[in-house]
Each structure stands twice: as structure tokens, then as C-alpha cells.
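Here's the structure, in C-alpha cells; my notes come after.
The values are calculated or read from the model by the stated rules, or taken from the named source; none is laboratory data. The structure displayed is predicted, hence computed values, not measured ones. Note that each Cβ is placed from the backbone with ideal geometry, even for glycine, and that neighbours are counted across all protein chains shown.
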Amino acid sequence: MQRRRRVYKRRRIALLAIVLVMLMSIAFLNRGAIRQLFDVSFGNEYSQQSSETVNFTISTGEDGATIAENLVAAGITKSVSSTYKVIVAANPIFYPGVYKLHLQMKTADVLVSLSKPSSVVDTTILIKEGTRASTIFKMLSEKYGTPVSDFEAVKPSDLDLPAGAINLDGYLFPAKYRFDPKQSAISILKTMHNRMVEEITKAGVEPQDVHRVITLASIIQREGRYTKDFYKISRVFLNRINIGMALQSDATVSYGAGSVSYTTTAAQRADDNPWNTYKYPGLPKGPISAPGALAIDAALHPADGTWLFFCTVNLETGETEFTTTLSEHERSVAKWRAWMIENPGW
């Protein structure tokens with residue numbers, strides 16, 4: 001009897017030991033969840049995730065401690081120490097980028113979200129050829145949240161533009177970019193200008209010719225409907241400059257008047273501003289848009305020809321006629337007017 005009790009006792013102890021080991025193993029495997037439960041209980045973690053989302057940026061070189069501080073500062077997690085403990089325990093790899101996260105999240109849920117491609121926010125922006133600086137500023141502001149006024153405050157001297165530059169138009173290269181939302185306005189614009197410097201250097205533009213070439217290229221960019229016409233348009237403008245004839249570019253007049261229309265009014269063409277190429281001969285005071293590489297090349301290498309006029313006779317297709325005499329040009333203008341009557345609203 002005594003012996004049976006000892007055997008039974010030993011079996012109970014062994015069974016309890018097995019159960020204890022199993023519980024410890026389960027606790028170890030789920031230590032993160034248990035810690036999170038305690039942190040929630042003690043107020044170190046949020047208990048209910050918010051439906052509101054924010055963009056959270058992880059920059060190159062940031063470590064777990066910095067990320068923990070930033071998460072709390074953004075209202076995503078609650079306690080720096082609790083957040084950091086979870087990060088250390090999980091030892092995740094953080095990739096620089098912008099992520100869409102909810103406010104008031106548990107740290108473990110944050111780490112899961114940061115590993116999902118669906119949480120990554122696309123920070124690329126495409127600036128198309130012919131875009132004005134004012135429009136570029138608005139696009140950058142909408143994409144990255146930087147106030148438009150910050151971009152407007154950047155002066156030509158801040159980017160070391162040529163002495164003739166009176167604003168940033170023409171000096172920001174149109175391309176696809178990816179910026180960090182934490183970047184300053186001047187840092188973003190410097191990147192875009194440096195890209196323009198690369199392009200004009202590649203094209204072989206001499207330093208003393210930069211302002212002139214970019215100005216001409218910007219007009220070609222805005223006037224051309226088809227890129228294949230760029231080289232002919234360049235020749236027309238250069239032929240006019242060579243004989244002292246006004247460029248009469250509606251694109252420059254529209255820019256000077258603060259308009260975005262492809263056509264201009266008599267009042268706009270009579271307005272006294274340095275971009276009115278009906279009133280003043282030669283190139284205007286400065287560029288009117290962001291020229292691309294092809295427009296820059298066309299400004300440097302115009303086609304051969306005697307043309308003095310060109311007229312887009314179909315604004316929808318971009319069909320453009322190039323002529324040498326005024327009578328030929330007037331026939332093209334008549335075609336354009338007939339098209340405009342048939343297509344009101346252009």
C-alpha cells in the first residue's frame with residue numbers, strides 16, 4: 001500500500017513536471033502575445049486600433065530606437081519603451097520607405113503591417129515635359145505634403161541658376177522622381193535642377209548659352225504638338241531671330257498673361273510684359289516651361305529649312321503646317337479657324 005502511494009506520488013510529480021514544461025514552452029512560444037497582453041493591461045499598448053490612417057516614413061539609417069520614438073510621436077504606438085522592447089524581441093529588418101499605418105496600433109501589428117507590400121505608399125512623381133514651375137510646385141505639395149509656399153520661396157540664387165534666370169521655370173528637369181516626404185522644398189528642387197544640369201551638360205551646352213538654350217527649348221516644348229516637329233519649330237524661331245522678326249509665340253504670350261490656353265486674345269498679345277513675343281523681338285526674358293531632352297536637342301540642332309511660319313491646323317491630332325511665305329501661312333490659319341469653329345471649346 002505504502003509502495004503504491006509512493007509510485008502514484010512519483011507519477012503525479014512527473015505528470016505535473018510534464019505539464020509545467022508544456023506550459024513554459026507554450027509561454028515561451030507565445031511570449032510576444034503574453035507581453036503584449038500585459039502591456040495592454042498596464043496601459044503601455046493601445047487596446048483598440050483607430051480607423052484613421054497616417055503615412056509613416058522610415059528613412060535610411062534609422063535604427064529600432066529611432067523608429068520606436070517616431071512611431072509614438074506619430075500616434076501609431078503608445079509607449080517608446082514598450083514599442084522598443086517588441087522591436088528588439090522581433091528583430092525585424094526595416095526597409096526605408098513610406099508606409100500607410102493606422103493610429104493607435106499594437107506594436108506587433110505595426111511590424112506585421114511594415115512587412116506587407118500593401119502598406120507601402122508610392123512616393124514616385126512624374127513631371128511631364130512642358131510643365132510650368134507653378135504647376136510643379138502644386139504637384140509636389142499634393143504628393144508630399146510640403147506647403148506650396150515653401151517651393152515658391154526658393155529663389156534662383158538658391159539653386160545657383162544663371163544670372164539671367166528670374167524664376168525657376170525651365171530649370172527643373174521633367175522626369176520621374178522618388179522623394180522622401182521629409183525632404184525640404186529646396187532639397188527636392190535642387191535634385192530636379194541637378195538633373196537638368198546633367199542633361200544640358202550631356203547635350204554639350206556651353207555655360208554662357210544655358211539660359212538662351214533652355215529658354216528656346218521651353219518654347220519649342222510648349223509650341224510643339226508632335227515631337228517630330230520640334231526641329232522644324234526650332235528652325236522657324238531661329239530664322240525669325242536671324243532676320244529680326246518677332247517670334248509671335250502664343251505660348252509665351254499665354255505664359256506672360258498667366259493663362260494656360262493654347263490661344264491668346266488681342267489684349268494679351270498687346271500686353272506689356274517681357275514674355276510678349278508679339279511686342280518684343282527675340283527670345284523672351286526667360287523659359288516658360290520645363291523642356292525635355294528632345295526639345296533641348298532641337299534648340300541646339302534645328303532642321304534645315306526656310307520656314308518662317310507654322311500653324312497647328314488640328315489641335316486634337318497636333319497636325320502642323322510649316323510655310324515660308326505669309327500667303328501660305330494665311331491659308332494654314334484659315335484651316336485652323338475652320339477647325340476651331342467645328343470644335344468649340346478648344
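Observations on the structure shown:
- When the residues of the stretch 36-56 are filtered to those that are closer than 14 Å to residue 110 by Cα and buried (at least 17 other Cβ atoms within 10 Å of the Cβ), the one that is modelled with the lowest pLDDT is 36.
- Filter result for the condition that a residue is in contact with a Phe, Trp or Tyr (Cβ under 7 Å, 6 or more places away or on another chain), at negative phi and outside the structural domain of residue 174 (by TED's automatic domain parsing), over 246, 217: 246
- Close pairs from the stretch 75-90: first free of Cβ contacts under 8 Å to residues at least 40 places away in the same chain, partner crowded, with 21+ Cβ neighbours inside 10 Å and part of a loop (DSSP other than H, G, I, E, B), Cβ under 6 Å, at least 6 apart: 76/105; 78/45; 78/46; 83/77
- Top-ranked residue of the stretch 298-346 - restricted to ones that are surrounded by 14 or more Cβ atoms within 10 Å (Cβ to Cβ) and of a type in the set (Asp, Glu), ranked as nearest to residue 224 (Cα to Cα): 319
- For the stretch 259-315, the tally of residues that are touching a residue at least 12 places away in the same chain (Cβ under 8 Å), in a loop (DSSP other than H, G, I, E, B) and closer than 22 Å to residue 332 by Cβ stands at 13.
- Taken together, 290, 299, 303 contain a single residue that is in the same structural domain as residue 221 (by TED's automatic domain parsing) and over 33 Å from the mean Cα position of the chain (by Cα), which is 303.
- Conditions (1) of a type in the set (A, V, I, L, M); (2) assigned by TED's automatic domain parsing to the domain that holds residue 292; (3) crowded, with 20+ Cβ neighbours inside 10 Å: number failed by residue 172: (2)
- Of all residues in the stretch 199-240, those that are closer than 25 Å to residue 260 by Cβ, in contact with a Ser or Thr (Cβ under 9 Å, 6 or more places away or on another chain) and surrounded by fewer than 20 Cβ atoms within 10 Å (Cβ to Cβ) total 2.
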